[in-house]
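Below is one structure, written out as structure tokens; the observations come after it.
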Amino acid sequence: MKEECIICKAPLKYLTEDRELECAICHKKELSKAHCVNGHYVCNECHTKGIDSIFGVCLAETSANPIEILNKMMSLPFCHMHGPEHHIMVGSALLTAYKNAGGEINLAKALAEMKNRAQNVPGGACGFWGACGAGISSGIFVSIITGSTPLALAPFGLSNQMTAKSLASIGSVGGPRCCKRDSYLSILAAMDFVKENFGIEMEKTDVICNFSTQNNQCIGTRCPFSKEKQ
């Protein structure tokens, strides 16, 4: 088995109903539907510990290729094969590439807002909410660059359209979940959306997954990023 539980590496078990669980790291008790087969539960905050290290990467980055930026973040020691850290990293990679491609944003402030919003999307949202956090992150990205609020006109529509396009792409491939695959799909959808709606063209390259050996649920050649299909 590859890594699943970040405490003991054992497979995860998903429940159909919330249960009060105690985080094995910080000992906070909260309702959740996931723990490993050995009973370990890790809260979102502990699972994403170290996430702030991505901001140094983003602020120093000159590339306008969000896939390249995302891969750099996913290679950092704190990042796991799966987890809610991807909900923050997708939008952060897009904000950085957007800025470097000519988008007019205050990147430091935008990254802080991305973390503030996306950290509230829990792990497992893909299966339990019917809305993958990576896809939601792309919608948050558009809401930030357009200054959207619940009372906005065009920005409201654009941010929801962005999330919808990412989720449609994720849903067309199907499950089981893969945070890497869903992150790539969301970023590719966002790149096309931004070019069409904002006239900002981020750099695009072919995506080849280098994480398949770490994923117990890898779907193999059914994945659009499988090495075997290249």
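For Leu151 and Arg222, what is the calculated FRET efficiency with R₀ set at 30 Å and r taken between the beta-carbons, to the nearest 0.05?
Efficiency, from the Cβ-Cβ distance: 0.10.
Using only Cα atoms, what is the ratio of the radius of gyration of the chain to 2.2 N^0.38 Å?
Working: Rg = 17.1 Å, N = 230, 2.2 N^0.38 = 17.4 Å.
Normalised by 2.2 N^0.38 Å, the Cα Rg of the chain equals 0.98.
Among His27, His80, His35, determine the one that fluctuates most according to a GNM of the chain built with springs between C-alpha atoms less than 10 Å apart.
Greatest mean-square fluctuation among the candidates belongs to His27.
Which cross-chain or sequence-distant (5 or more) residues have an amide H under 5 Å from the amide H of Leu15, H modelled 1.01 Å from N in plane?
Ala34, His35
Once Lys and Arg get +1 and Asp and Glu get -1 on their Cβ, which of Gly39, Gly133, Leu76 lies farthest toward the positive end of the dipole of the chain?
With unit charges placed on the Cβ atoms, the residue in question is Gly39.
Hey, can you grab everything whose amide H is under 5 Å from the amide H of Gly39? Only 5+ residues off in sequence or another chain; H modelled, so Pro and N-termini drop out.
Here nothing satisfies the definition.
Decide, for the range 1-71, between rounded, prolate and oblate: order the square roots of the alpha carbon gyration tensor eigenvalues as a ≥ b ≥ c, take rounded if a/c falls under 1.5, and otherwise choose prolate if a/b is larger than b/c, else oblate.
Taking the square roots of the gyration eigenvalues as a ≥ b ≥ c, the range 1-71 is prolate.
What is the gain in length, in nm to one decimal, between Phe78 and Thr62 on full extension, counting 0.36 nm per residue of separation less the C-alpha to C-alpha distance?
Details: separation 16, 0.36 × 16 = 5.76 nm, distance 2.25 nm.
Result for the pair: 3.5 nm of gain on full extension.
Helix-only mean residue ellipticity at 222 nm, the chain, DSSP H runs n ≥ 4 weighted -39,500 (n - 2.57), per residue, nearest 500. What is it?
Only helices count here, giving -14500 deg cm²/dmol.
Expressed as an acute angle from 0 to 90° and rounded to the nearest 10, what is the orientation of the C-alpha long axis of helix 179-198 relative to the principal long axis of the chain?
Around 20 degrees separate the two axes.
So, in nm, how far is label Ile105 from label Thr205 when the simple model puts each one 7 Å beyond its Cα toward the Cβ?
2.2
The numbers here are math on the coordinates, done by the rules we state, and not lab data. Source: prediction; values computed, not measured. Positions of Cβ are generated from backbone atoms using ideal geometry, with glycine treated the same way; all protein chains shown enter the neighbour counts.
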